[in-house]
1. Principal axis extents for the stretch 231-336, Cα atoms only, whole Å, descending order, please.
2. When we measure straight from the Cα of K126, which lysines land under 22 angstrom away, once same-chain ones fewer than 8 places off are left out?
3. When all protein chains stay in place, what accessible area (Å², nearest 10, 1.4 Å probe) is found for E98?
4. Could you report the accessible area of S502 in Å², rounded to 10, computed with a 1.4 Å probe on the protein chains as they sit in the structure?
5. Based on the Cβ-Cβ distance of M118 and M517, what FRET efficiency does E = 1/(1 + (r/R0)^6) give at R0 = 41 Å, to the nearest 0.05?
6. Enter the mean projected area of the convex hull around the alpha-carbon atoms of the chain, in nm², rounded to one decimal.
7. Any idea what the relative contact order of the chain is, in percent, if you count C-alpha pairs under 8 Å spaced at least 6 apart?
8. Can you give the relative contact order of the stretch 1-53 as a percent, counting alpha carbon pairs under 8 Å and 6+ residues apart?
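The values are calculated or read from the model by the stated rules, or taken from the named source; none is laboratory data. This one's a predicted model, so the numbers in the text were calculated from it and none came from an experiment. As a convention, Cβ positions derive from the backbone with ideal geometry for all residues, glycine included, and neighbour counts pool all protein chains shown. The protein model used for the area step is the full one, side chains on, heavy atoms only, and it has no ligands, DNA or RNA in it. Shrake-Rupley method; radii C 1.70, N 1.55, O 1.52, S 1.80 Å.
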Amino acid sequence: MLNLDGLNPEQRRAAEAVEGPVLILAGAGSGKTRTLTYRIGHMIQNLRINPKDILAVSFTNKAAMEMNERVSKLLGSRRKRGMTLSTFHSLGIRILREDIQHIGYNKDFTIYDQGDQMAIIREGLKRFRAEKAAFDKKTILSKIGLLKNSGITADEFSDTEFFDPDDPYDQATEFVYHFYTDKLQFYNAIDFDDILFLVVRLFEKRPDIAEKYSQRYKYIMIDEYQDTNGLQFEMVSGLTSTHSNICVVGDDDQSIYAFRGADITNILNFEKQYADTKVIKLEQNYRSTSPILNLANSVIKENKIRKDKTMRTENHTGAHPELWMAANSDHESQLIVEDILEKYQTHGNFLGEVAILYRSNTQVPPLEDQLRLSQIPYTIIGGQKFYEKKEIKDLIAYLSVIANPRDELSLRRILNIPHRGIGTQSLKKYLEQSAQEGVSLFDVIKKQAQDDHTKKGESLRDFVAIIHKHRSHFETMTLTQALSSLIGEIEYFDFITKSYDSPKIAARKKDDVRNFMLSTDRFVDRFREDATLQNYLERLLLVDNQDNKNNEDGTLKNEVQLMTLHSSKGLEFETCYLIGMEEELLPHKNVIQNGENIDEERRLCYVGITRAKKRLVMTYARERKIYGKYLKRHPSRFLAKHQDYYTNVDRDNFSHMTEDEIEEHKSNFFNDLLSSLDND
């Protein structure tokens, strides 16, 4: 017999509730995975349920693997043999491989990746409109994916609320969606979005097939049920068409993926779909200290449409969460990095237990700059590092060649950026000549520039002149001035405009370049006379080399973790810096301006707070630079009514302010907040 005495009373009730529909509301840090593992063990070892009758579904391969390892450790691999532990998409592939022929495909179908998809979209757009039209292929593909995840076929699209007959993109999407669907079926191929989409179509057209799988999987468990979308809901409904032995686990307070199609009503209305549901709440938190949980509970209870629960803990130690005010985003980043240096790096503490959480990726560049300047190793989870973006790497390559013309890799990157008519064949010829003569690629290019009197030779002469000219500029100008001159000389903003079909994407890329220029400003302010091009490049490369040193044993690297609040879900850290706690960041300005319900933004705030185990620092800025202008900011409405649960810190963090300014800040803090809410 498997002993369940190690579970708390709530967890044990959940593990023993096997027959009929069960809803487990698992709050943050409540031991959900442990509970599910013991539930499976109890079913197999104590109740003698055949493992082949059990289906457990999670959202990620990582979660499925973790569950598999824990069950194996608890029962042994042989005892659980035959059980299905899967993601929704892996299960969908398994079903389609067995029965897709019933909806017009062969079982040996191919799954296309994005490159294959884009090739069909490109061909479809050519058929739609022969002349060149400014349709972004990724936008069309994304729209088709949205339609599939909403269960809408190409034939149905024009009759739905998603279709605007006056929108050129919708007109193009309607044509291309039909073309794309026909091509995929002709090629006997599906894409990633088709996996669930086609399973639901299969179950709708052939209810007997849905019944087959329902009889195969007599006991079903779904993890993170609050994140399910409409297709997943329909798929689960088919899988339970012959029984109601379904256990769903989730937390409506952590439903933060509406932008991906997640429908919170799936978990809120579970008892309406399945009669006589047992509802079990896991409210014992094993992660955070009492002061952190008190703030989290106080914040989330403002949401009116939710399952009532209150997280509790036996860990009543620990300091109150702190709220810091910063002058602006640069000062905010400086405060955080100085605190990390003082409390972690200086004392040799593990940096992997430190996380900086933010609502928007636009908040990252100042943080990266300060971390790099202080030589603190870091990584960005679920996002691309600012200095790894294409446009930034292009400009760094230019700087590298200006500093060292023998840097062949950087030279090869920028030789035809912007376009100079120097293709791969020309480059190949130059590289062969370089190898034969034993000279640098740059020397070969200089010689070609002198000897070639064609248009290509003129392009090479212009390129060489730019490198020589700006080598001088970086010696006589500030970094920012010289960089600005370089960007103007090569007409890089025009190059960005021509490189992207979508004006929105181009604008975002240009903002990245402007942020790069601001980073050189920060470097100059920090190092003054030592702010040379060479020193700047060395600072960039030094941290990059540290970043590439992965731990061979797979353990967490000793580096600060940066991530969006969305990416932080499911993770935990000793210390969390939750930055940008202000109106128009959290809650986000789009939600406010569109008049949308801010409940999901509050849930996002709740997720951020509950990532912290021992220490939580929140920040907001008095002003931020937005589209080139400094705008006044107000504290987030999510701080209102909760001031008893955190400490408004004014220690040396406000050393840039006079005593009068500090007192004025204290007295005006909540006046600003209330005023901002009144104006909303």
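1. That works out to 60, 34, 22 Å along the principal axes.
2. K137, K138, K143, K183, K498
3. Using a 1.4 Å probe on the heavy atoms, I get roughly 60 Å².
4. Surface accessible to solvent at S502 totals approximately 20 Å².
5. Efficiency for this residue pair is about 0.80.
6. Computing the convex hull of the Cα atoms and averaging its projections yields 35.7 nm².
7. After rounding, I find 17 percent.
8. So the answer I get is 45 percent.
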